[in-house]
Amino acid sequence: MTEYERMVQGLNYDPCDEKIMEEQRVYQDKLWEFNQLKPSDLAAKEAYMKENFAECGERCYIELPFHANWGGHHIHFGSDIYLNSNCTLVDDGHIYIGDHVLIGPNVTIATANHPQEPELRVKGLQYNRDVRIGENTWLGAGVIIVPGVNIGKNVVIGAGSVVVKDIPDNTLAVGNPCRVIRNIGPKDN
């Protein structure tokens with residue numbers, strides 16, 4: 001089994017494998033060019049997302065700079081998504097973001113993880129766990145989402161929260177570690 005096959009299957013793999021690095025560099029170069037675009041280059045921004053992301057719906061917008069290990073190659077955007085500036089999407093694994101999602105500045109969504117066993121970590125191995133964010137969710141500024149987390153739909157994650165476990169639909173969650181504070185309902189209108 002190749003290191004790339006191990007990567008896509010969520011197994012421990014060597015992220016510095018030359019074939020992986022060779023493919024990843026292509027996306028990193030394209031991402032560098034994307035980050036040089038002017039704010040007014042809306043058509044070029046949209047073209048980048050449509051060409052380089054795994055999926056990209058309509059009316060998606062990213063404030064630059066934007067950071068992604070694979071340049072967005074493993075990112076699945078619904079429609080009407082807004083990413084504020086300086087977001088980092090560690091897309092070694094897949095990141096699924098539903099429709100009508102707002103993501104504040106300096107948010108990090110990570111899929112890459114490293115073994116806890118020292119002898120594996122010293123070899124530089126990693127494994128990936130996909131992240132899913134449901135529709136109509138808002139991630140406040142500086143939120144960090146760790147690998148393997150699923151966030152439901154209609155969720156608000158408070159600024160600065162560190163999300164280490166799944167968050168259910170229709171909730172407000174905050175803190176480090178992030179925890180559900182309450183359900184969102186009619187009183188929030």
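Read the figures in this text as sums done on the coordinates, not as results from a lab. Predicted model, so just to flag it, every value in this text is computed and none were measured. In this analysis, Cβ positions are derived from the backbone assuming ideal geometry, glycine residues included, and neighbour counts consider all displayed protein chains.
Full extension of the chain between ASP17 and ALA141 gives 41.2 nm of extra length, using 0.36 nm per residue less the Cα-Cα distance. Put the Cα centre of region 120-189 next to the Cα centre of region 48-109 and the gap is 16 Å.
Sorted fewest first by neighbouring Cβ atoms within 10 angstrom, TYR96, TYR13 come out as TYR96, TYR13. Beyond 13 Å, how much of the Cα-Cα pair distribution for region 115-174 remains, as a whole percent? Percentage above 13 Å: 63. Counting beta carbons within 10 Å around each of PHE53, PHE77 and listing the fewest first gives the order PHE53, PHE77.
Taking a ≥ b ≥ c as the square roots of the eigenvalues of the Cα gyration tensor, an a/c ratio of 1.5 or more together with a/b larger than b/c marks region 1-48 as prolate.
One decimal place: the segment ASN150-TYR61 gains 29.8 nm when fully extended, by the rule 0.36 nm per residue minus the C-alpha distance. The GNM of the chain, with springs linking C-alpha atoms under 10 angstrom apart, assigns the highest mean-square fluctuation among GLY98, GLY175, GLY148 to GLY175. Among [x] 30, 22, 13; [y] 32, 18, 15; [z] 27, 23, 13, find the value of semi-axes √(5λ) of the Cα gyration tensor in Å that was calculated from the structure presented, and write down its label. So the calculated entry is the one marked [z].
Between LEU120 and ARG179, full extension at 0.36 nm per residue minus the direct alpha carbon distance yields a gain of 18.1 nm.
For the chain, the mean residue ellipticity at 222 nm estimated from helices alone is -6000 deg cm²/dmol, where every DSSP H run of n ≥ 4 contributes -39500 (n - 2.57) and the total is divided by all residues, rounded to the nearest 500.
Listed by Cβ neighbour count within 10 Å, with the fewest neighbours leading, LYS165, LYS45 appear as LYS165, LYS45. In the elastic network of the chain, a GNM with C-alpha springs shorter than 10 Å, the most mobile of TRP70, TRP138, TRP32 is TRP32.
Normalised by the number of residues in the chain, the average gap of Cα pairs under 8 Å and 6 or more apart makes the relative contact order 14 percent.
Please report the relative contact order for region 109-159, taking Cα pairs under 8 Å with a sequence separation of at least 6, and give it as a percent rounded to a whole number.
About 38 percent, as a whole number.
Of all beta bridges DSSP finds with both residues in region 33-174, what is the antiparallel percent, to the nearest 5?
Values: 2 of 33 bridges.
Expressed as a percentage, antiparallel bridges in region 33-174 total about 5.
For the chain, the number of Lys pairs separated by eight or more positions or lying on different chains, with C-alpha atoms closer than 22 Å, is 8. Under the combined filter of DSSP loop state and at most 15 neighbouring Cβ atoms within 10 Å, region 99-143 retains these trypsin sites (Lys or Arg not before Pro): LYS123. Once both labels are positioned 7 Å from their Cα atoms along Cα-to-Cβ, the gap between VAL164 and SER79 label points is 3.9 nm.
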